[in-house]
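Written out below as structure tokens is the structure these notes cover.
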Amino acid sequence: MDDSTPYDALIVGGGPAGLSAALNLGRSLLRVLLVDADRPRNAATMNSHGFLTRDGVPPHELRRLARAELDAYPEVEVRSRVRVLSLRREQDGFVAALGRREPTETVTARRVLLATGLRETLPDVPNLRGFYGMSLFSCTACDAWELQGRRLALIGETPDLADRARLISHWTPSLTVFTNGSDAVTTAEEAELLTRGVSVRREPVVELVGDRGAIEAVRVEGGGETPIDGGFVRPEWHSDLSFLHGMAPTVDEHGHVVVDRGGRTGVAGLYAAGDAAVPGPQQLIVAAGAGAQAARTIVRDAVGVEFAH
């Protein structure tokens, strides 16, 4: 096949959604290019959970296994440590400039799937990253089972902090919420949380105490210290769609791309799946399912058929 022939699909991002989409598109005989910067959001996580047949597998191993499976499909090409620096819509499809920092190659594709994931900003707490992914986590569905019954912390500054505290209290009778000097938890919410046995500390966090990734206590301004055995943080997530030129898919108030149930955006030929799409951060297995669904839609759109189910 001539190298100038457009790819049937360009996948931007090589996480669970992008890899799952590539597998299903390859099995549908579509010529696919997957471009991955190799900077996954879950790189700090030692083990991932909730993925059927792979519960507890390290995220990097899950990606390695998926890429090995893609090797069986000659229609699928994977470019690692490469970014889509710009993407623009043309009459018959899309033109993408690829490279690391500067464009080194241009490719064309009839359709594009955004599986870029999200970037996260952690609460501004000293030495937080020394514990993140080892004894402090962001996903309850992924990691709460391992922390059940322990003394836990929830650290964050977002308006949904109380709601997250209610969820985490399902796994433990001992939870302390740290608002890090913010007003993320209202007085009414604090009173309601107290009825659940959840306490709230409003002072700024000045230090996390522990050793080699195992947290032991949270120290707040004024010298107070709360012993804990693990816990959760509430990051703020954002999408980076700055590489889209002349296209503005609809996003929700959190910046997640709005899609229909098949993964289509409002831009013809542009799809989105995984964390980048509404509703945002998801378990790996859910993101993989969204990638498979988007691939199914791309195949149907490519061949011009529409089913009622």
Taking the conditions exactly as written (modelled with pLDDT of 95 or more and either outside the structural domain of Glu253 (by TED's automatic domain parsing) or on the phi > 0 side of the Ramachandran plot (or both)), does Ala162 satisfy them or not?
yes
Filter pass, Glu207 being in a helix (DSSP H, G or I) and not aliphatic (A, V, I, L, M)
no
Filter segment 163-204 for residues that are buried (at least 17 other Cβ atoms within 10 Å of the Cβ) and among the charged types (D, E, K, R); which is nearest to the chain's Cα centre (by Cα)?
Arg164
Any residue that is without any contact (Cβ under 8 Å) to a residue 60 or more places away in the chain, buried (at least 19 other Cβ atoms within 10 Å of the Cβ) and not β-branched (Val, Ile, Thr) - is there at least one of those in segment 224-234?
no
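Somewhere in segment 25-33, is a residue touching a Ser or Thr at 6+ places or on another chain (Cβ under 9 Å) and crowded, with 21+ Cβ neighbours inside 10 Å?
As a first pass, look at segment 25-33 and keep what is touching a Ser or Thr at 6+ places or on another chain (Cβ under 9 Å): 31.
Keeping just the survivors that are crowded, with 21+ Cβ neighbours inside 10 Å gives none.
Looking through segment 25-33, none of the residues is touching a Ser or Thr at 6+ places or on another chain (Cβ under 9 Å) and crowded, with 21+ Cβ neighbours inside 10 Å.
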Members of segment 86-97 that are surrounded by 18 or more Cβ atoms within 10 Å (Cβ to Cβ), touching a residue at least 24 places away in the same chain (Cβ under 8 Å) and either over 22 Å from Ala295 (Cα atoms) or touching a Phe, Trp or Tyr at 6+ places or on another chain (Cβ under 7 Å) (or both)
Leu87
Determine if segment 132-149 includes at least one residue that is of a type outside the set (Lys, Arg), in contact (Cβ under 8 Å) with a residue 60 or more places away in the chain, surrounded by 18 or more Cβ atoms within 10 Å (Cβ to Cβ) and assigned by TED's automatic domain parsing to the domain that holds Gly269.
no
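The values are calculated or read from the model by the stated rules, or taken from the named source; none is laboratory data. No experiment lies behind these values; they were computed from the predicted model shown. Every residue, glycine as well, gets a Cβ built from its backbone with ideal geometry; the counts of neighbours run over all protein chains shown.
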